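Engineer: Pasting a structure here, questions to come.
No lab work stands behind these numbers, since they all come straight from the coordinates. From a predicted model like this one, the values you see are computed outputs, not experimental measurements. When we count neighbours, we look across all protein chains shown, and the Cβ atoms used for this are built from the backbone with ideal geometry, even at glycine.
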């Protein structure tokens, strides 16, 4: 998860506002949305681990299936990055506090590819985030920037 956060930070580094909002197709998400979505997803993971979320007011705009966010209503990149840093710190501490018995608790939500445990919930959201890191890497290359790894 720390690698993903680092890669997402790298994906948006040195991009103009227009580049943050660029998409290769009309139904594609821009990089800024991917970062906001990853941040809100980490908040879901935090909630599943602790029962408490950071719950920033802009998180619902980045939920799966949400109406595409209007550029004028989107929080600035710096605010999304602050949210990512704060939720990541809390999530990392919550993950470190888990033990084998805790990981066998039931998942807080049903997911399509999890084993029904908190461990499966964590694994699913980790894979989900990594999928979006791949999207971010693709978009950055599509914008003409070098690859993020290697």
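Engineer: Which members of the range 62-84 meet the condition of being in a helix (DSSP H, G or I), surrounded by fewer than 19 Cβ atoms within 10 Å (Cβ to Cβ) and without any contact (Cβ under 8 Å) to a residue 60 or more places away in the chain?
Structural biologist: Across the range 62-84, the qualifying residues are 78, 79, 82.
Engineer: For the structure I just gave you, tell me whether residue 94 is out of contact with any strand residue (DSSP E or B) (no Cβ under 9 Å at 6 or more places or on another chain) and surrounded by 15 or more Cβ atoms within 10 Å (Cβ to Cβ).
Structural biologist: Considered against the rule, which asks whether it is out of contact with any strand residue (DSSP E or B) (no Cβ under 9 Å at 6 or more places or on another chain) and surrounded by 15 or more Cβ atoms within 10 Å (Cβ to Cβ), residue 94 comes out as yes.
Engineer: Something else now. Where in the range 1-60 are the helices (runs of 4 or more DSSP H), entirely inside, with at least 1 residues that are at positive phi, surrounded by 21 or more Cβ atoms within 10 Å (Cβ to Cβ) and touching a residue at least 40 places away in the same chain (Cβ under 8 Å)? So that I can check it myself, show each step before the final result.
Structural biologist: Values: elements: 2-12, 17-21, 31-50.
Output list is empty.
Engineer: Being in contact (Cβ under 8 Å) with a residue 24 or more places away in the chain, in a loop (DSSP other than H, G, I, E, B) and buried (at least 16 other Cβ atoms within 10 Å of the Cβ) is the filter here, so list the residues in the range 99-137 that pass it. So that I can check it myself, show each step before the final result.
Structural biologist: Going residue by residue through the range 99-137, those that are in contact (Cβ under 8 Å) with a residue 24 or more places away in the chain are 107-109, 118, 121-122, 125-126, 128-130, 132-133, 135-137.
Narrowing further to those that are in a loop (DSSP other than H, G, I, E, B): 107-109.
Matches in the range 99-137: 107 only.
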